Structures are given as C-alpha cells and as structure tokens.
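Participant: Structure provided below as structure tokens; questions to follow.
What follows is calculated from the coordinates using simple rules that are stated; it is not laboratory data. No experiment lies behind these values; they were computed from the predicted model shown. All Cβ positions, glycine included, derive from the backbone under ideal geometry; neighbour counts span all protein chains shown.
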Amino acid sequence: MTSQPIQVVADLHTHTTCSDGVLSPIELITKAEQRGLQALAITDHDNLDAHRHLRDLGYNGPLRLISGVEISCYDFGREIHVLAYNVDVDDASLQEYEAFYRNDRARRAEEMVANLHQARAPISYQEVIDEAAGAPIGRPHVASVLVRRGFVPSIQAAFDVYLDVGKPGYAAKTPFPVAQAVEMIHAAGGTLSIAHPGRYFTDPAMFLPLVKTGVDGIEVYHPSHWHVTREFYRVMCQQHGLLVTGGSDFHGSREYDEANFGTFGLTAAGFEEFAATIASRHASVPKHD
Ligand code: AMP
Ligand code: MN
Ligand code: MN
Ligand code: MN
C-alpha cells in the first residue's frame, strides 16, 4: 500500500449504512466536506438507496455528489466488482436488480446462518437482520454478529475462519455476469469502471476478456493497489482508451479507512476528465424511443 503525494479532490468509491459502511450518507458527506474533498461518489454494494435518500433530504451543500453503486458480479470463475456512476436512480430495470439482490442477499444470509450452525457457530438469522438494520445483508453483518457472540476475536478472523470463499460458513449470491451489468448500466445512462482490478488479475492476459465486456474504465487508484499495480492499470487505460477512476473504498469499520479517506481518489485534472466523460455518456442515452 502506498499513499500518493498528490492532492486528491474526488473520492469515487465509498460505503455507508445503506450497505456495509458505518456512517450514514449524510455523516459521510459531512466527513468528506471536512476533509476538503470537492466530489464524492457513494457506491454502496448492489443498491442506490443512499442517493434516493439524499435526494429526498434535498442535500444542497458544496460537495458535488455523483450517484454510484458497486455491483457484485460473478464472471470468469470469480467475484468481480464493477462500479457504476451517474445512473438514473429511478431507472426501472436498475430498481428491479436492486430488489432482486436485496432478496438474494437475505436468502444467502439464511444459508450462511445454517452453514454456521453446522460449523458450531450457532448465531441466529434474526441477529443478522438486526445487525444490517435495514440495509441489504452483507457478510460483514454476519461477521459482526460472530464477533459479538464471541465465536471469533475480530471481523478479519470471522472472514478467515468462516466467511471467505471456501470457508464453512460461506454461501454464494446468484451470479450476475459483467456483460449484463454493462448493458443495464449503459441503458440507465451510467458509466462503468472495474473496481480494484489488482484484487483479481495478477495475470495481464486475464484482463483483456474483461475489458471486452464493454466497461468504460478502470479503478486505478485504490488502497489495495501496490504502486506497480497502479502503474500497470494506468497504462492499460491509456492503451485501451479507458477512463481512470479511483477511491478509498471507505467503510469506516477498518483501522486503515481513516488514513485512506481523502488520500485515494482523483486529482482535479483526473476528476475533470471523469466528470466530462460521465456527462457525455449520460447525454448520449435516449430517454424515450
Ligand atoms: P458480500 O458483498 O456480502 O459478499 O460481502 C463482501 C464485503 O465483505 C466486502 O465489500 C468487504 O467490505 C468485506 N470483506 C470481504 N472480504 C473480507 C475480509 N477478508 N476481511 C474483512 N472484510 C472483508
Ligand atoms: Mn464492503
Ligand atoms: Mn469491492
Ligand atoms: Mn467497495
């Protein structure tokens, strides 16, 4: 992990209580304002609730808010996260997708609870529901219950022992192909970026099939990227005409979140290019036919 000796003005990857983050949307916005950010994209897992909530609140502060969502895809034999920006939050097929995965995550959480009973960590589904407090249920909610009930000493241990892929408590969500996310997001006027590619693609040859799905950009700046990884993806963007994105992936629950917030993201020049691209993509989508 490296920090960047540059002025970050935009964080394009963050989470709130609408998924597995600890700050509410308005708390996160306040924090971003205090850090001196100019632009923020809230990108909760598989839902846009934060953006509809903020619209209803009528937020009118200095921060430029960009609608976003981090879509959990399953493709090429593994989980791949795709960030989508500047979507129409009332888009019907997007809302259908959100509702489907809210249910799917509930179904999967019940399955994880059953698996955990088998693995002698008997927590209840109701505890997990309470922990999620209305947000679509994620593994971190299950992990928190495991910690509180004393089955593991930390969230990290909960993943290592029970919840990571292949561990006894794990259960999968219904797979969602990247190409389907591309089609859905483009129809909603949005722009897509592959989240933290360094997590999945150590072999550059594996990367091209993913680019061919039609994604528009790559998250180059992310706390999990070593500087060599970052440079590799930056060059890939130049070679393939892809948009560079970046963000802290702030959840507020890990000790490194604090240092990463305001440190990972785009500079003024990078954000200008990002803003122009998402605006032109949005404008090019016919609203009626
Ligand atoms: P889910 O979307 O329910 O599969 O949960 C994935 C989320 O769990 C990620 O977005 C992270 O916030 C968190 N997570 C994934 N792997 C780990 C890990 N090894 N340790 C801690 N948190 C993790
Ligand atoms: Mn998360
Ligand atoms: Mn992710
Ligand atoms: Mn994320």
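Participant: Regarding the stretch 35-190, what is the average projected area of its C-alpha convex hull, in nm²?
Facilitator: 10.4
Participant: While we're here: Ratio of the stretch 148-289's C-alpha Rg to 2.2 N^0.38 Å, to two decimals?
Facilitator: 1.23
Participant: Still on this model: For the stretch 141-191 and the stretch 11-86, what is the separation of their Cα centres, given in Å?
Facilitator: Here the two parts' Cα centres lie 17 Å apart.
Participant: Report, by chain and number, residues whose modeled amide H sits under 5 Å from the one on Ala41, excluding near sequence neighbours (fewer than 5 apart, same chain).
Facilitator: Asp11, Leu12, His13, Ile66
Participant: Is the C-alpha gyration tensor of the stretch 1-85 telling us rounded, prolate or oblate? Criteria: a/c under 1.5 is rounded; beyond that, a/b larger than b/c is prolate, otherwise oblate.
Facilitator: The shape class here is oblate.
Participant: Dividing the convex hull volume of the Cα atoms of the chain by its residue count, what figure in Å³ per residue is obtained?
Facilitator: Working: hull volume 37.6 nm³, N = 289.
Spread over its residues, the Cα hull of the chain gives 130 Å³ apiece.
Participant: Let me ask another. What dipole magnitude, in Debye to the nearest 20, does the stretch 73-232 give about its Cα centre under +1 on Lys/Arg Cβ and -1 on Asp/Glu Cβ?
Facilitator: 660
Participant: Return an integer: the convex hull volume of the alpha-carbon atoms of the stretch 197-276, in Å³ per residue.
Facilitator: Each residue corresponds to 107 Å³ of Cα convex hull volume.
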